[in-house]
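One structure below.
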Amino acid sequence: MKMLLTGGAGYVGSACLRWLIKQGHDPIAYDDLSTGNRAAVPNPARLVVGDILDQEKVEHTIRTHDIETVMHFAAVASVPESIAQPDLYWRVNVLGTKSLLDAMVACEVKTIVFSSTAATFAFTEEMPITEASPQLPETPYGTTKLACEWIIKEYARAYDMGYTIFRYFNACGADAGGDYGENRPEESHLIPLIFAAALGKRDTLKVFGNDFDTRDGSCVRDYIHNDDLAQAHQLAAETLQPGMGRDYNLGSGIGTTVLEVVQACERVTQLSIPYEIAGRRPGDPATLIASSEKAKQELGWKPQYTTVEPIAQTAWDWHSKHPDGYAS
Ligand SMILES: NC(=O)c1ccc[n+]([C@@H]2O[C@H](COP(=O)([O-])OP(=O)(O)OC[C@H]3O[C@@H](n4cnc5c(N)ncnc54)[C@H](O)[C@@H]3O)[C@@H](O)[C@H]2O)c1
């Protein structure tokens with residue numbers, strides 16, 4: 001299937017692109033490279049450099065490549081940055097999604113798979129979080145991603161489109177072989193930050209909060225390998241039809257504390273990870289754990305990674321081989 005992957009040079013998008021090629025599909029990345037990497041797309045012919053807000057260019061790309069379906073990964077996606085710059089988040093995430101949908105309507109592309117997030121859910125004590133859990137985001141990142149969900153649903157109803165919304169929990173890990181992995185200009189994700197500290201690329205890891213109501217006081221999160229996310233995208237695209245509306249939470253269903261992730265990374269690297277306890281960050285709930293039963297039952301999704309240590313091993317294979325990211 002010919003697919004357009006906005007944000008397809010980014011961390012999750014490029015992992016999906018590489019996965020889809022292996023499954024015999026024909027994906028094209030459309031990415032402005034603001035945080036993505038050319039080198040994450042194995043064949044340069046599969047990358048179109050452009051902004052999702054440039055509707056004309058999106059339409060041209062869809063027509064030139066006979067695109068049948070869209071996977072929409074492109075976004076700005078950092079909670080702290082969204083609190084400092086909500087204007088950027090509303091422009092890229094919400095107006096960018098609207099522009100993409102307008103291009104799809106103009107080109108009569110009827111199906112979209114959208115990357116949403118656990119950050120759209122309300123802070124809740126009830127775990128795991130299901131698709132029926134209340135969505136009440138606490139940060140501009142979460143608010144704008146929820147607004148994208150709404151606009152997609154409204155366009156689908158008006159223009160007979162089909163959608164699958166995936167809400168990922170914490171995406172992590174790297175391709176087997178260590179050739180492709182996580183590499184952003186400004187890193188805010190835990191596992192790459194841990195390995196940067198292990199490799200002496202930054203002084204000390206900051207653990208934000210050790211006074212949460214969790215087993216060791218640090219935040220509990222649900223870590224899901226990129227290849228498992230990619231498998232879900234493949235299954236969704238292959239079954240999506242106009243008129244369909246589906247939403248799924250994607251996580252491992254296992255909660256791991258920040259300090260447990262640090263310990264898993266120490267076992268993987270055989271190195272001591274220097275860390276310090278810092279204050280809580282705004283917008284950080286104590287615990288986020290997904291229920292992904294719906295994706296398993298309806299899509300036949302079978303995630304391969306269930307614990308954090310093998311995921312950390314794949315990430316370490318990448319970081320230790322590429323200490324300066326794709327530049328090394
Ligand atoms: N990484 C996670 O843990 C996680 C969790 C939940 C949801 N998500 C969602 O998954 C998606 C991908 O996240 P990621 O971690 O791969 O981030 P990323 O920053 O690696 O990827 C985003 C990509 O979008 C591109 N992009 C940004 N603005 C663009 C624009 N205006 N036009 C074209 N391209 C643009 C960037 O260059 C980058 O390649 C995002 O939508 C994010 O909200 C990620």
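The values are calculated or read from the model by the stated rules, or taken from the named source; none is laboratory data. Predicted model, so just to flag it, every value in this text is computed and none were measured. Glycine also receives a Cβ, built like all others from the backbone with ideal geometry; neighbour counts cover every protein chain displayed. Keep in mind that these areas ignore ligands, DNA and RNA; they rest on the heavy atoms of the full protein, side chains included. Shrake-Rupley method; radii C 1.70, N 1.55, O 1.52, S 1.80 Å.
When +1 charges are put on Lys and Arg Cβ atoms and -1 charges on Asp and Glu Cβ atoms, the dipole computed for the chain relative to its Cα centre reaches about 320 debye. When the solvent-accessible area of the range 140-268 is split by element, carbon and sulfur atoms take up 45 percent of it, the probe being 1.4 Å.
Each residue of the range 92-100 was assigned a 3J(HN,Hα) from its phi angle through the Karplus curve 6.51 cos²θ - 1.76 cosθ + 1.60 (θ = phi - 60°); the sequence is 6, 6, 7, 5, x, 5, 4, 4, 4 Hz, with glycine and proline shown as x. Shape class for the range 259-328: oblate, because the ratio a/c of the largest to smallest gyration tensor axis (alpha-carbon atoms, square roots of eigenvalues) is 1.5 or more and b/c is at least a/b. Contact order for the range 177-248, expressed relative to its length and based on alpha carbon pairs under 8 Å spaced 6+ residues apart, stands at 11 percent. Under 5 Å from the amide H of Tyr275 lie the amide H atoms of Leu205, each residue being 5 or more positions distant or on a separate chain, with H modelled from the backbone and absent for Pro and chain starts. Per-peptide packing, taken as the mean over residues of other Cβ atoms within 10 Å, places 221-229, 104-112, 28-36 in the sequence 221-229, 28-36, 104-112 from highest down. Partner aspartates and glutamates whose Cα lies under 17 Å from the Cα of Lys302, excluding those fewer than 8 positions away in the same chain, are identified as Asp222, Asp227, Asp228, Glu238, Asp247, Glu293.
For the residue pairs Lys153/Lys294; Lys2/Lys145; Lys98/Lys201; Lys98/Lys296, alpha carbon separations beyond 27 Å are given by Lys98/Lys201; Lys98/Lys296.
The value of relative contact order for the chain, using C-alpha pairs under 8 Å at least six residues apart, is 19 percent.
Is the C-alpha gyration tensor of the range 20-68 telling us rounded, prolate or oblate? Criteria: a/c under 1.5 is rounded; beyond that, a/b larger than b/c is prolate, otherwise oblate. It is oblate, given that a/c is not under 1.5 and a/b is not larger than b/c. Averaged per residue, the chain has 42 square angstrom of accessible surface, using a 1.4 angstrom probe with ligands and nucleic acids left out. With θ taken as phi - 60° and the Karplus curve 6.51 cos²θ - 1.76 cosθ + 1.60 applied, the whole-hertz 3J(HN,Hα) list for the range 67-78 is 5, 9, 8, 10, 10, 10, 9, 4, 5, 9, 8, 10 Hz, x standing for glycine and proline. Can you tell me what percent of all Cα-Cα pairs in the chain are more than 32 Å apart? Counting every Cα pair in the chain, those more than 32 Å apart make up 23 percent.
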